[in-house]
Amino acid sequence: MILLFICITFNSILVSGSSLSEQVYQTPADMYNTPGGKAEINCSHSIQSYDRILWYKQTERQLQFLGYMLANIRNPENGVNVKMEGSANKGQTCTLIIEELQLNSSAVYFCAADRERPYNEPAYFGQGTKLTVLEKDKEITGPSVKVLQPSPKECKNEKDKQRKKTLVCVAKDFYPDHVSVSWEINGQNVTNGVATDEAAQLMPEKKFYQITSRLRVPAKDWENSDNEFKCIVNFFNKTHTVPYTDSIYGEAVTTTNVMTREKYVKITQAAKLTYSVFIAKSCIYGAFVVFLVWKLQGSKGKQNY
Ligand SMILES: *[C@@H]1O[C@H](CO)[C@@H](O)[C@H](O)[C@H]1NC(C)=O
């Protein structure tokens, strides 16, 4: 049974990038509820001759098979406390019902559509439903978002044409962790050079979450004060997905030029000083030698008499 499940899963994951997966519709994408409540997740598909819908629960640690619906026949796994309703046929809706929600019901639930054996056709996944069962002492709280400018120490060599600058977006103090992060430059969505944490992390005091995202851009883009860099953190607040944003503008290269010039002056002054000391020392040494020679010659002269 477990082997079969692994086979199905593996098969499905391999083909989930295909366009047929767009024919599996799963709603809602996000859901909050309180302990003891009930969650309902809907799944439908429009794939000809497919007649089965499988359900999975994915947590950080594992992917659990919950059972399936074959046409109108429900088939939940033993010991899994879920119900299924509706139909798995094309154009119909199959509903997964989880009652008596507990904190450990929090997970991402997936449906997948396939065709009953022996056809051995691939399964296609829905987009997933992220369910959070809210902890009693925590309130739904949107993130505070801040974009940090690149470190001036990053790639200082101005001759390097390839040099890049990294902006960091920090979203913190939110609960629960239903967020997605994106970047815009001058209002245009960018994905190139973006790296976002795999998942939001619970902050040390365990109450709120934090997530960071990095945007790497060519230094010349950063050194243009007309460019606006915006970080958008979409947060699901139980009914709506609300954008929280922060943005900063690039810093013109002239400021760094001034700094460089100042530095140049400083360096040359230091060099001049070192050189002067060196010359002074040489002069003193030279004078000393002249004095010695004169003294020696003087004593020699005296001895000759
Ligand atoms: C969620 O966001 C919407 C739209 O901004 C707002 O009307 C609603 O009051 C918010 N709900 C909660 C629970 O904060």
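The values are calculated or read from the model by the stated rules, or taken from the named source; none is laboratory data. Being a predicted model, the structure only gives us computed values, none of them experimental. In this analysis, Cβ positions are derived from the backbone assuming ideal geometry, glycine residues included, and neighbour counts consider all displayed protein chains. The accessibility values were calculated without ligands, DNA or RNA, using every heavy atom of the protein model including side chains. Shrake-Rupley method; radii C 1.70, N 1.55, O 1.52, S 1.80 Å.
List of remarks:
- If you filter the range 142-156 down to residues that are out of contact with any Cys (no Cβ under 9 Å at 6 or more places or on another chain) and within 16 Å of the ligand (Cβ to nearest atom), you find that the one that is most open to solvent (accessible area, probe 1.4 Å) is Ser144.
- Residues that are at negative phi, outside any strand (DSSP E or B) and more than 29 Å from the chain's Cα centre (by Cα) within the range 21-49 comprise Pro35, Gly37, Lys38, Ser46, Ile47, Gln48, listed in sequence order.
- For the residues Asn120, Asn78, Asn89, the requirement of being assigned to a loop (DSSP other than H, G, I, E, B), surrounded by 12 or more Cβ atoms within 10 Å (Cβ to Cβ) and either of a type outside the set (A, V, I, L, M, F, W, C) or within 16 Å of the ligand (Cβ to nearest atom) (or both) singles out Asn89.
- Matching residues in the range 217-240 - criterion: being in a strand (DSSP E or B) and closer than 30 Å to Asp30 by Cα: Phe229, Lys230, Cys231, Ile232, Val233, Asn234, Phe235, Phe236
- Some residue of the range 157-172 being in a loop (DSSP other than H, G, I, E, B), of a type in the set (Gly, Ala, Ser) and away from the ligand (no atom under 16 Å from the Cβ): no
- Checking Gln26, Gln58 one by one, the residue that is open to solvent by less than 30 Å² (accessible area, probe 1.4 Å) and either in contact with a His (Cβ under 6 Å, 6 or more places away or on another chain) or within 30 Å of Val242 (Cα to Cα) (or both) is Gln26 and no other.
- Among the residues of the range 224-245, the ones that are surrounded by fewer than 18 Cβ atoms within 10 Å (Cβ to Cβ) and away from the ligand (no atom under 16 Å from the Cβ) come to 5 in all.
- Residue in the range 123-134 that is farthest from the chain's Cα centre (by Cα), counting only those that are more than 16 Å from the ligand (Cβ to nearest atom), over 30 Å from Phe229 (Cα atoms) and assigned to a loop (DSSP other than H, G, I, E, B): Ala123
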